[in-house]
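Novice: Structure in structure tokens, see below.
The values are calculated or read from the model by the stated rules, or taken from the named source; none is laboratory data. Since this is a predicted model, take the numbers as computed values, not measurements. Neighbour counts run over all protein chains shown; Cβ positions are idealised from the backbone, glycine included. Side chains included, ligands, DNA and RNA excluded: accessible areas come from the protein's heavy atoms. Shrake-Rupley method; radii C 1.70, N 1.55, O 1.52, S 1.80 Å.
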Amino acid sequence: MTKATAVKDRAADAARPGPVARVLLVPVRVYRRWISPALPPACRFYPSCSAYAVEALTVHGALRGSWLALRRLLRCGPWHPGGLDPVPPRRTENASGTTSPADPTAAEE
């Protein structure tokens, strides 16, 4: 296996949610498919809370993704101005035990 192939495989694994995260994605997808179209568009954030939940669960897994989605839902109210609120990048652990963003270029932006 070449280094480029290993990087591609790692990137594909990072975007694939685990089994628990896939189960947690089911109610979000049901909401997006059947409930959301019946409601008027009123989301004060970009991306929408359901899109944020899908991305958080996919990128961070069941535990941290659920926590991020719950925090986002709790911020969705008239007391918060809304706006751009992207999912934070996935953190990786270095050999020294410290955490850093998975994509080193993401920290530069």
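Novice: As an exercise: evaluate Arg91 against (1) at pLDDT below 85; (2) surrounded by fewer than 10 Cβ atoms within 10 Å (Cβ to Cβ) and give the number of the one condition it does not meet.
Specialist: (2)
Novice: If you check Ala42, Ala69, Ala62, Ala56, which single one turns out to be open to solvent by 20 Å² or more (accessible area, probe 1.4 Å) and in a helix (DSSP H, G or I)?
Specialist: Ala62
Novice: Can you say whether Pro86 is in contact with a Phe, Trp or Tyr (Cβ under 9 Å, 6 or more places away or on another chain), assigned to a loop (DSSP other than H, G, I, E, B) and either open to solvent by 50 Å² or more (accessible area, probe 1.4 Å) or modelled with pLDDT of 90 or more (or both), as far as the supplied structure shows?
Specialist: Numbers: in contact with a Phe, Trp or Tyr (Cβ under 9 Å, 6 or more places away or on another chain): yes; assigned to a loop (DSSP other than H, G, I, E, B): yes; either open to solvent by 50 Å² or more (accessible area, probe 1.4 Å) or modelled with pLDDT of 90 or more (or both): yes.
Spelling it out, Pro86 is indeed in contact with a Phe, Trp or Tyr (Cβ under 9 Å, 6 or more places away or on another chain), assigned to a loop (DSSP other than H, G, I, E, B) and either open to solvent by 50 Å² or more (accessible area, probe 1.4 Å) or modelled with pLDDT of 90 or more (or both).
Novice: Would you check which residues across region 16-46 are in contact (Cβ under 8 Å) with a residue 40 or more places away in the chain and touching a Cys at 6+ places or on another chain (Cβ under 8 Å) and list them?
Specialist: Matches in region 16-46: Phe45 only.
Novice: For region 72-81, does any single residue satisfy the condition of being modelled with pLDDT under 95, part of a helix (DSSP H, G or I), out of contact with any His (no Cβ under 8 Å at 6 or more places or on another chain) and closer than 17 Å to Tyr31 by Cα?
Specialist: Step one: list which residues in region 72-81 are modelled with pLDDT under 95, which gives 72-81.
Now narrow it down to the ones that are part of a helix (DSSP H, G or I): 72-75.
Restricting the remaining residues to those that are out of contact with any His (no Cβ under 8 Å at 6 or more places or on another chain) gives 72-75.
With the extra rule that they be closer than 17 Å to Tyr31 by Cα, the set shrinks to 72-73.
Yes, region 72-81 contains at least one residue that is modelled with pLDDT under 95, part of a helix (DSSP H, G or I), out of contact with any His (no Cβ under 8 Å at 6 or more places or on another chain) and closer than 17 Å to Tyr31 by Cα.
Novice: Here is a follow-up. With the checklist (1) open to solvent by less than 90 Å² (accessible area, probe 1.4 Å); (2) at pLDDT below 90; (3) more than 19 Å from Pro89 (Cβ to Cβ) in hand, flag the one item Leu25 doesn't pass.
Specialist: (2)
Novice: Let me ask something else. For Cys49, are the conditions met, namely being without any contact (Cβ under 8 Å) to a residue 40 or more places away in the chain, surrounded by 13 or more Cβ atoms within 10 Å (Cβ to Cβ) and farther than 18 Å from Pro27 by Cα? I'd like the intermediate steps shown before the answer.
Specialist: Working: without any contact (Cβ under 8 Å) to a residue 40 or more places away in the chain: yes; surrounded by 13 or more Cβ atoms within 10 Å (Cβ to Cβ): yes; farther than 18 Å from Pro27 by Cα: no.
No: the conditions fail for Cys49.
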